[in-house]
Amino acid sequence: MTKTLHIVGGGMAGSEAAWQAAHMGVEVVIHEMRPKVETFAHQTGNLGEMVCSNSFRSDDDEQNAVGLLHWEMRAANGLIMSTAEQHRLPAGGALAVDREPFAETVTARLKALPNVAVSYEEITELPADGHWIFATGPLTSPELGKAIQRETGAEALAFFDAIAPIIYADSIDMSQAWMQSRYDKGETEEERTAYLNCPMDKDQYEAFIDALLAADKTEFHEGETAGYFDGCLPIEVMAERGRETLRHGPMKPVGLTNPHQPEVKAHAVVQLRRDNALGTLFNIVGFQTKMKYGAQTEVLRMIPGLENASFARLGGIHRNTFLNSPTLLDAQMRLKSKPHLRFAGQITGVEGYVESAAMGLLAGRMAAAEILGQGLPDVPQDSAMGALIHHITGGAEAKTFQPMNVNFGLFRPIDGLKGGRRGRKDRYKAYTDRAKAAWQDWLGNFS
């Protein structure tokens, strides 16, 4: 068998897998169908392109499982995390990036490695031999999806993922909006003012909900069902679950004071986050939508401060495909029926940029170790990486398997710690301390 590692898909998972394997000394070929074959969501042919949000979410490695995953990836010389730091934008306690230069840098850094090549082509079949990682993400091409389905013998699982709109900053009315992170979170003034806030009173909120419910939405094709992932629900679906749902979700008014009317408490607040380093673009936080384009502009311009909003990109919706990984993959992310094929990223049933890149990191290292003939112990379950890979390769209930973000609910309990909300701070710190030690021990196998 060839000693070259072939990686199909140049998103977060594929890029990270290539970086990790190449740094272990393996020859890598990335097979990316863009820009020759386009997708609904992508705009460029760059590797590591961000298509939904520009945020990697919380960067708190002591009290947040996502932040812990950031820490573990940094400890492993992760491409995605180091590039994110290079193009970081103010976002309170979150790690947000300037998406275009981020993807350009990911592409440049990979292409600069002497043992990495990029082949721009669509792979439509599962190869019979060689070493392969399939990291084709939620937008796996239809032909490859059929090939995977033929091999696994399982019905394709899918949910629908929605994209939030992006607005030009100079079209926002700052006499109504203001800059503030929730609870003034952040160590610098820039961080504490990282979000743009648009307040609504009760009447405005009720009218907005009415318009949202009445708006024209994208219809599904015959035979498709809308199995949304709860972490990325369209705002209309949230509104359909109850008129107060949005006010207790992305539109919650807590931790904010309107400097234009400091004595007035907003009934709801729409937040926007800076989308590029220039500060010329803002995305509406948590406002993924399946409204048709005409309806989007009408409804979103009902938000105070956005009456004259100009849109750089409207929201949209696309089908996300993922495997029933607990039944199909082994602990090394290999397809049980064809162990020379690994899967990584969102197609394995993890949700989010960070989780996808993390599974790419593991797949890249595992594949490289196998090619080099190196033994490798299982990823420790007490690390964030280990908790996540354990969940998707066997810990989850196969009959009800759905995409999962990393969270402390996936971690093994620690005896003697207080449960419930009151004990949460100490419990989370204990989880992260234990995880960091376990992860560093595992990384020692590569030194």
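The values are calculated or read from the model by the stated rules, or taken from the named source; none is laboratory data. Worth saying up front: this structure is predicted, and the values here are computed from it rather than measured. Every residue, glycine as well, gets a Cβ built from its backbone with ideal geometry; the counts of neighbours run over all protein chains shown. Just the protein is used for accessible areas: all its heavy atoms, side chains included, with ligands, DNA and RNA removed. Shrake-Rupley method; radii C 1.70, N 1.55, O 1.52, S 1.80 Å.
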Among residues of the range 62-77 being touching a strand residue (DSSP E or B) at 6+ places or on another chain (Cβ under 6 Å) and of a type outside the set (A, V, I, L, M), the residue surrounded by the most Cβ atoms within 10 Å (Cβ to Cβ) is GLY67
Of (1) crowded, with 24+ Cβ neighbours inside 10 Å; (2) closer than 24 Å to GLY25 by Cβ; (3) hydrophobic (A, V, I, L, M, F, W, C); (4) in contact with a Lys or Arg (Cβ under 8 Å, 6 or more places away or on another chain), MET385 satisfies every one except (4)
Within the range 433-447, restricting to residues that are free of Cβ contacts under 8 Å to residues at least 60 places away in the same chain and of a type in the set (A, V, I, L, M, F, W, C), the one that is least open to solvent (accessible area, probe 1.4 Å) is ALA438
Based on what the data block shows, is SER58 open to solvent by less than 20 Å² (accessible area, probe 1.4 Å), within 19 Å of LEU388 (Cβ to Cβ) and in contact with a strand residue (DSSP E or B) (Cβ under 8 Å, 6 or more places away or on another chain)?
no
Taking the range 308-340 and keeping only residues that are within 25 Å of THR297 (Cβ to Cβ), at pLDDT below 95 and among the hydrophobic types (A, V, I, L, M, F, W, C), one is left with PHE311, ALA312, LEU314, ILE317
Note: among GLY394, GLY416, GLY423, just one is in contact with a strand residue (DSSP E or B) (Cβ under 9 Å, 6 or more places away or on another chain) and over 24 Å from ALA76 (Cα atoms), namely GLY394
Counting only helices (runs of 4 or more DSSP H) wholly inside the range 172-273, the ones holding at least 3 residues that are open to solvent by 30 Å² or more (accessible area, probe 1.4 Å) are 189-192, 202-214
Of the residues in the range 391-427, those that are open to solvent by less than 50 Å² (accessible area, probe 1.4 Å), over 22 Å from ALA344 (Cβ atoms) and assigned to a helix (DSSP H, G or I) number 2
The number of residues in the range 94-137 that are in contact with an Asp or Glu (Cβ under 6 Å, 6 or more places away or on another chain) and buried (at least 19 other Cβ atoms within 10 Å of the Cβ) is 3
**Request:** Kindly establish whether PHE287 is among the hydrophobic types (A, V, I, L, M, F, W, C), under 30 Å from ALA215 (Cβ atoms) and open to solvent by 10 Å² or more (accessible area, probe 1.4 Å).
**Result:** no
